[in-house]
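Only one structure is covered here, and it is reproduced in the block below.
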Amino acid sequence: MAMEERISVLVGWASRDLGPNILLELQTFEKEGWDSGDEPDNARFFLTRSQAAVLANHLLQVSGAQRPARRSGWLGSLFK
């Protein structure tokens, strides 16, 4: 049996630091639910830090955004 493809719009997200892992929470709406006044759908993903880094790098690449500039530590700021 073929599954129907569901396309949703991302309307919110949050993350929680769980030590060696990260809990990523996404809130989405399907087109039909947008005007109904219903609450958004919530999805939770349990990621390792490595998975989170790979996902972040992928999203930066496909969006065309630049990586944030690396901040220098207090020692580096003394030699500017």
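I need the full set of residues from region 2-39 which are among the hydroxyl-bearing types (Ser, Thr, Tyr) and farther than 22 Å from residue 52 by Cα, in order please.
As a first pass, look at region 2-39 and keep what is among the hydroxyl-bearing types (Ser, Thr, Tyr): 8, 15, 28, 36.
Passing the criteria: only 36.
Look at region 7-47 and say how many of its residues are loosely packed, with under 10 Cβ neighbours inside 10 Å and not hydrophobic (A, V, I, L, M, F, W, C). Can you show your working first?
Kept after step one, since they are loosely packed, with under 10 Cβ neighbours inside 10 Å, are these residues of region 7-47: 7, 17, 19-20, 32, 35-37, 39.
Narrowing further to those that are not hydrophobic (A, V, I, L, M, F, W, C): 17, 19-20, 32, 35-37, 39.
So the answer is 8.
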message = Regarding region 22-31, can at least one residue be identified that is without any contact (Cβ under 8 Å) to a residue 12 or more places away in the chain and not hydrophobic (A, V, I, L, M, F, W, C)?
response = no
remark   = Taking first residues from region 42-56 that are under 9 Å from residue 21 (Cα atoms) and second residues anywhere that are assigned to a helix (DSSP H, G or I), the pairs with Cβ under 8 Å that are 6 or more apart or on different chains are 47/55
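Any read-out appearing in this document is the output of simple, stated calculations on the displayed coordinates, not a laboratory observation. This one's a predicted model, so the numbers in the text were calculated from it and none came from an experiment. Note: ideal-geometry Cβ built from the backbone for every residue, glycine included; neighbour counts use all protein chains shown.
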